[in-house]
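Asks: Questions regarding the structure given below will be posed in turn.
What follows draws every value from the coordinates through simple rules; no lab data is involved. None of these values were measured; they are calculated from a predicted model. We place every Cβ from the backbone using ideal geometry, glycine too, and count neighbours over all the protein chains shown.
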Amino acid sequence: MKRRYDFTNRDIVSIRGFTREEIDYILEVSHSMEPLAERGSDMLRGKVLAELFFEPSTRTMLSFQTAMYKLGGNVIGFAEPGVSSVWKGESLADTVRVVENYSDVIVLRHPLEGAARLAAEYAKVPVINAGSGAEEHPTQALLDLYTILKHKGRIDGLSIILMGDLRYGRTVHSLAYALSLYDVDLHLVSPDLLKMRREVIEDIKDRIKVTEHTDLMEILPDADVLYVTRIQKERFPDLGEYEKVRGSYVIDLNVLKKAKDDLIVLHPLPRVDEIAVEVDSTSFAKYFEQTKNGVVVRMALLALVLGAIK
Amino acid sequence: MKRRYDFTNRDIVSIRGFTREEIDYILEVSHSMEPLAERGSDMLRGKVLAELFFEPSTRTMLSFQTAMYKLGGNVIGFAEPGVSSVWKGESLADTVRVVENYSDVIVLRHPLEGAARLAAEYAKVPVINAGSGAEEHPTQALLDLYTILKHKGRIDGLSIILMGDLRYGRTVHSLAYALSLYDVDLHLVSPDLLKMRREVIEDIKDRIKVTEHTDLMEILPDADVLYVTRIQKERFPDLGEYEKVRGSYVIDLNVLKKAKDDLIVLHPLPRVDEIAVEVDSTSFAKYFEQTKNGVVVRMALLALVLGAIK
Amino acid sequence: MKRRYDFTNRDIVSIRGFTREEIDYILEVSHSMEPLAERGSDMLRGKVLAELFFEPSTRTMLSFQTAMYKLGGNVIGFAEPGVSSVWKGESLADTVRVVENYSDVIVLRHPLEGAARLAAEYAKVPVINAGSGAEEHPTQALLDLYTILKHKGRIDGLSIILMGDLRYGRTVHSLAYALSLYDVDLHLVSPDLLKMRREVIEDIKDRIKVTEHTDLMEILPDADVLYVTRIQKERFPDLGEYEKVRGSYVIDLNVLKKAKDDLIVLHPLPRVDEIAVEVDSTSFAKYFEQTKNGVVVRMALLALVLGAIK
């Protein structure tokens, strides 16, 4: 390990809060969690994680739970739709100042941008953002990086495609920013209507080479990583337009014939039909494994902010 | 213990997947769990159970949770109605391949027949069926057998009545099959409209003696076990017909005057009025105790499929 | 510690079930839980708490969960709105006799008065009332006492104001009774429509001095403790009447100018606008800390009724 950082009591609100060196360190700690994810550990025995999910995200919720349990800790919390309705009418600041008295760390999911930052300001315990508004989902970006690193042995020097809904997809913004801390070629592939927001590109284009495409085939042959996201019908004002583009953004065995043998295909899940089921059993497919990697990354973050690893 | 079997990583999908010897072994292991259910244990420390309940069954869900906790493990999951709605639109195969990355064993409840088998085919971790469709609920059948064995010291040679809704009742099909592996006299008592399905009887009648009745009194005096299930009003197209039959399938002290002193009365719960409250305090009543036995049986299954007992 | 009491297997249904000496003992045990709430403990390892919440009360639910986890135990249960709907149609007596087989202690929240007492009668395991009907919420009263004791070093000799909705507020009835076991001056401040019920005052006025007011300013200057509760708009048949009184029952910095420097302000939460946000950062404000104290008080009760402390 090159260098250690003390994350004790630090909030994980945005991927923008980290330097490349800090991210590298988190990924190293994540790797060290692999055996503990198998056999369990007592590292956080006696600690309690509070999950406050003001919008549903069952995968993320379960992933954090397992991360906490594998470290010997426990979990309380609530999830929409359901019991959290009773918190309506109370300000988020008040909720946080109550829940911090029940817990040692808070994981927050909220439909509004800025909610995680507000919670972090009020809470004495560390707050981890599990998605707030359309912008930030830092733990997803970290598990994406971890998966790339695990299979490619490096992130620098890779050719990486982000494909699908780049405009509204919560995960691709955090991921694009995170990748911009490395030396990568980033290719953005989407229908015109769903192109990456200008401000995201402005933010990263000075650090890395970014190109935009509507046709995947232009850049698939040279790619090392293909990150697919779902294109939602509701985004198209005209259904005909949707029907016209959707076929161009489906990954199947025929498309993958043009790819390098060691291309890896990622997806934040759930997938609908943007990746054909026939791809699942190929060596390209790493999208289910991503969820496994999410557990070790979250174990690392929990252990770090709770001061169990310094 | 006569013989040991290795159930490590085995799916528990159907009671039909077991030989009598294997069931006997599971019941022996269940018995060995009784002291651990009292004081707790570290046998599954660091292990995580995922409960995927696509339809509500709070008793079964809580029972598996307690079983896991008493062995030192932890539990994640979701239950309808509620958060699992967010999984809609994702195929069960995908859900299972995500959740197996968060857990060491999956317990599945699903409204569709075949769901548990499908999940077992996709999952690398063992899958336990907690009820799928109308057919199978193997852990309920095992706890029923365990309760009979506990009070009678044997299953062979007993006269056993299954009464009530034998057509739609999920538990009685698994139980009838399980009993057919033993040397029992099986008496089926129900209104004509709710008689046991032909295929279930065909399946077991070569192994054991099965008789059908509409009048309980014909065979109550000789019975050792009376298994009662609820007759639901909704099953009757004609409410008059329902009103006519329901009184004949209520167990009260007057009915039990005709029974042997050591008859035991079982019920999968919840009961409505098919067993009168006055029966609760008699020695006949073992239906609440069944739920206690369910915990040790599920502890045994979890310990077995996770390889903690071989 | 002056004297010890054995609470093993005792139900906590009503604050009226305790002598002052017993309450003093519970508060002492609560104090001894403070370090365990920080670092965790194995005191209840292997024990399972069942939370049956037939109406929502997320704060209380989470508080009991954390209390159990900090002692090394586990938690099962359900909460409205949600899965508990499946228990409808089953009698509470049956539910309790099922759930006691899954757990070592039951915490019950129920909209009907008397529900906790009924559950306690049927259950073989101890039952803790987490609020039933409009009358009793004993663990809230205990944490209120604990908070007063922690900051004032004593309860005897204090001047204590209960303000707001004294008619319908569930917590103030239990608290008024609890305070009547001590030597306090109790001042009740509320709009006429929301005055404390006659029977509560009758019950306590022989033991302590009780005065009623509509104007807080009459007694604020001499008070040591100000306990604020929310005045709900729905209680007023006439909205004009509500608008007229509400302003008189809001605590802000201007009001607190008239108070002693060491007054403490309490509130059962959630607060809406009856305490201005500007008060939060003053030394008067102890209402968020109350929730922290709730954890140690509930740890004490769980440890006591489960016989881990005698």
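Asks: If you place +1 on the Cβ of every Lys and Arg and -1 on the Cβ of every Asp and Glu, how big does the dipole about the Cα centre of the protein assembly as shown come out, in debye to the nearest 20? Spell out each step's value before the answer.
Replies: On the way: 120 positive and 141 negative charges, 384 e Å.
Here the size comes out at about 1840 debye.
Asks: If you don't mind, another one. Taking C:GLU202 in one copy and the same position in all the others, each labelled 7 Å out along Cα→Cβ, what are the pairwise distances from the first, in nm, shortest first?
Replies: Going from nearest to farthest copy, the values are 7.3, 7.3 nm.
Asks: I would also like to ask the following. What are the extents of the Cα atoms of region A:138-290 along their three principal axes, in Å, largest first?
Replies: Answer, in whole Å and largest first: 42, 37, 28 Å.
Asks: Still on this structure, I have one more. If amide hydrogens are placed 1.01 Å from N in the peptide plane, which non-local residues have theirs closer than 5 Å to the one on A:ALA223?
Replies: Hits under the 5 Å cutoff: A:LYS260.
Asks: Mind jotting down the three principal axis lengths of the protein assembly as shown based on Cα atoms? Whole angstrom, largest first.
Replies: 90, 83, 52
Asks: Which far-off residues, 5 or more places away or on another chain, put their amide H under 5 Å from the one on B:GLY131, with H placed in the peptide plane?
Replies: none
Asks: Here is a follow-up. Got a sec? How would A:SER14, B:SER32 order by Cβ neighbour count within 10 Å, fewest to most? Write down the numbers at each step before the final one.
Replies: Values: A:SER14 19, B:SER32 14.
Ranked by crowding around the Cβ, least crowded first: B:SER32, A:SER14.
Asks: Using the Karplus curve 6.51 cos²θ - 1.76 cosθ + 1.60 with θ = phi - 60°, work out ³J(HN,Hα) for each residue of region B:262-270 in order, rounded to whole Hz, and write x for Gly and Pro.
Replies: For region B:262-270, the Karplus-derived couplings read 9, 4, 10, 9, 10, 6, x, 6, x Hz, x marking Gly and Pro.
Asks: If we hang a label 7 Å off Cα along the beta carbon direction at A:ALA93, how far is it from the matching labels on the other copies, in nm, shortest first?
Replies: Listed shortest first, these distances are 5.2, 5.2 nm.
Asks: I would also like to ask the following. Taking amide H positions as placed in the peptide plane 1.01 Å from N, state which residues far from B:GLU51 in sequence (5 or more) or on other chains have amide H under 5 Å from it.
Replies: HN-HN under 5 Å from B:GLU51: B:ILE76, B:GLY77, B:PHE78, B:VAL107.
Asks: Given an 8 Å cut-off on Cα distances and at least 6 residues of separation, report the relative contact order of region A:59-159 as a percent. Spell out each step's value before the answer.
Replies: Values: 89 pairs, mean separation 17.5, N = 101.
Relative contact order for region A:59-159 comes out at 17 percent.
Asks: If you don't mind, there's one more thing I want to ask. Where the centroid of each part is defined by its Cα atoms, how far is region B:253-297 from region C:159-184 in Å?
Replies: 46 Å
Asks: While we're looking at this one, here's another question. Can you give the average number of partner chain beta-carbon atoms within 10 Å of each beta-carbon in peptide B:269-276, as a whole number? Present the calculation step by step, with values, prior to reporting the outcome.
Replies: Working: counts 5, 9, 3, 4, 0, 0, 0, 0.
Mean partner-chain Cβ count within 10 Å for B:269-276: 3.
Asks: Let me ask something additional. By the scheme Lys and Arg +1, Asp and Glu -1, what is the net charge of all other residues having a beta-carbon under 15 Å from that of A:SER283? Each step should come with its number before you reach the end.
Replies: Working: positive: A:LYS150, A:LYS152, A:LYS257, A:LYS260, A:LYS286; negative: A:ASP224, A:ASP261, A:ASP262, A:GLU278, A:ASP280, A:GLU289.
Local net charge: -1.
Asks: Separate question: Using DSSP, restrict attention to beta bridges with both residues in the protein assembly as shown and report what percent are antiparallel, rounded to the nearest 5.
Replies: On the way: 3 of 108 bridges.
Of all bridge pairs located within the protein assembly as shown, approximately 5 percent are antiparallel.
Asks: Below 15 angstrom from the Cβ of B:VAL255, what's the summed charge of the other residues (Lys, Arg +1; Asp, Glu -1)? Present the calculation step by step, with values, prior to reporting the outcome.
Replies: On the way: positive: B:ARG246, B:LYS257, B:LYS258, B:LYS260, B:ARG271; negative: B:ASP215, B:GLU218, B:ASP222, B:ASP252, B:ASP261, B:ASP273, B:GLU274, B:GLU278, B:ASP280.
Charge balance near B:VAL255 sits at -4.
Asks: Ratio to report: Rg/Rh of chain C, with Cα atoms as the point set and Rh obtained by the Kirkwood method; give two decimals. Could the numbers behind the result be given before it?
Replies: Details: Rg = 19.4 Å, Rh = 20.0 Å.
A ratio of 0.97.
Asks: Restricting attention to region B:190-293, which trypsin sites (Lys or Arg not before Pro) occupy a DSSP loop and are surrounded by at most 11 other Cβ atoms within 10 Å?
Replies: On the way: sites: B:LYS195, B:ARG197, B:ARG198, B:LYS205, B:ARG207, B:LYS209, B:ARG230, B:LYS233, B:ARG235, B:LYS244, B:ARG246, B:LYS257, B:LYS258, B:LYS260, B:ARG271, B:LYS286, B:LYS292; in loops: B:LYS195, B:ARG197, B:LYS205, B:ARG207, B:ARG230, B:LYS257, B:LYS258, B:LYS260, B:ARG271, B:LYS286.
When the trypsin sites (Lys or Arg not before Pro) of region B:190-293 are filtered for loop state and at most 11 Cβ neighbours within 10 Å, B:LYS257 remain.
Asks: Give me the one-decimal Kirkwood hydrodynamic radius in Å for region C:229-274, with the sum taken over alpha-carbon pairs.
Replies: Working: mean 1/r = 0.0821 Å⁻¹.
Computed over Cα pairs of region C:229-274, the Kirkwood hydrodynamic radius comes out at 12.2 Å.
Asks: Taking R0 as 35 Å, what's the FRET efficiency between A:VAL245 and B:GLU121 from their Cβ-Cβ distance, rounded to 0.05? Don't jump to the answer; show the numbers that get you there.
Replies: Working: r = 34 Å, r/R0 = 0.98.
With R0 = 35 Å, the Cβ-Cβ based efficiency is 0.50.
Asks: For region C:138-291, with only Lys/Arg (+1) and Asp/Glu (-1) charged at the beta-carbon, what is the dipole magnitude about the Cα centre, in debye rounded to 20? Walk me through the numbers on the way to the answer.
Replies: Values: 21 positive and 27 negative charges, 52 e Å.
For region C:138-291, the charge dipole is close to 240 debye.
Asks: For chain B, give the magnitude of the charge dipole about the Cα centre (Cβ charges: +1 Lys/Arg, -1 Asp/Glu; no others), in debye to the nearest 20.
Replies: On the way: 40 positive and 47 negative charges, 153 e Å.
Rounded to the nearest 20 debye, it is 740 debye.
Asks: Whole-Hz Karplus ³J(HN,Hα) for region C:219-232, in order, using 6.51 cos²θ - 1.76 cosθ + 1.60 and θ = phi - 60°, x for Gly and Pro?
Replies: 10, 4, x, 9, 7, 9, 9, 10, 9, 9, 10, 7, 9, 8
Asks: Please tell me the relative contact order of chain A in percent, rounded to the nearest whole number, where contacts are Cα pairs under 8 Å and at least six residues apart. The partial results should precede the final answer.
Replies: Values: 589 pairs, mean separation 67.7, N = 310.
For chain A, the relative contact order is 22 percent.
Asks: Read phi for every residue in region A:277-290 and hand back ³J(HN,Hα) as whole Hz from Karplus 6.51 cos²θ - 1.76 cosθ + 1.60, θ = phi - 60°, with x for Gly and Pro.
Replies: Taking θ as phi minus 60°, the curve returns 4, 4, 6, 3, 8, 8, 6, 5, 6, 10, 6, 6, 4, 3 Hz for region A:277-290.
Asks: Restricting to Cα pairs below 8 Å that are 6+ residues apart, what does the relative contact order work out to for region C:178-310? Please round to a whole percent.
Replies: Relative CO of region C:178-310 lands at 21 percent.
Asks: Loop-only check: which trypsin sites (Lys or Arg not before Pro) in region A:1-63 are DSSP coil with at most 10 other Cβ within 10 angstrom?
Replies: Values: sites: A:LYS2, A:ARG3, A:ARG4, A:ARG10, A:ARG16, A:ARG20, A:ARG39, A:ARG45, A:LYS47, A:ARG59; in loops: A:LYS2, A:ARG3, A:ARG4, A:ARG10, A:ARG45, A:LYS47.
Counting only loop positions with at most 10 other Cβ atoms within 10 Å, the trypsin sites (Lys or Arg not before Pro) in region A:1-63 are A:LYS2, A:ARG3.
Asks: Let me know the whole percent of all Cα-Cα pairs from region A:120-176 that are separated by more than 15 Å. Walk me through the intermediate numbers first.
Replies: Numbers: 925 of 1596 pairs.
Here the long-distance tail beyond 15 Å is 58 percent of all Cα pairs in region A:120-176.
Asks: Taking the Cβ of C:ILE219 as the centre, find all other residues whose Cβ is under 13 Å away and add up their charges (Lys, Arg: +1; Asp, Glu: -1). Could the numbers behind the result be given before it?
Replies: Numbers: positive: C:LYS209, C:LYS258, C:LYS260; negative: C:ASP185, C:GLU212, C:ASP215, C:GLU218, C:ASP222, C:ASP224.
Once all neighbours under 13 Å are counted, the net charge is -3.
Asks: Work out the P(r) tail for region A:85-152: percent of alpha carbon pairs separated by more than 17 Å, whole number.
Replies: Details: 1090 of 2278 pairs.
Here the tail beyond 17 Å accounts for 48 percent of pairs.
Asks: What gaps in nm, shortest first, separate C:ASP6 from its twins in the other copies when you place the label 7 Å past Cα toward the beta carbon?
Replies: So the label point of C:ASP6 gives 4.9, 5.0 nm to the other copies.
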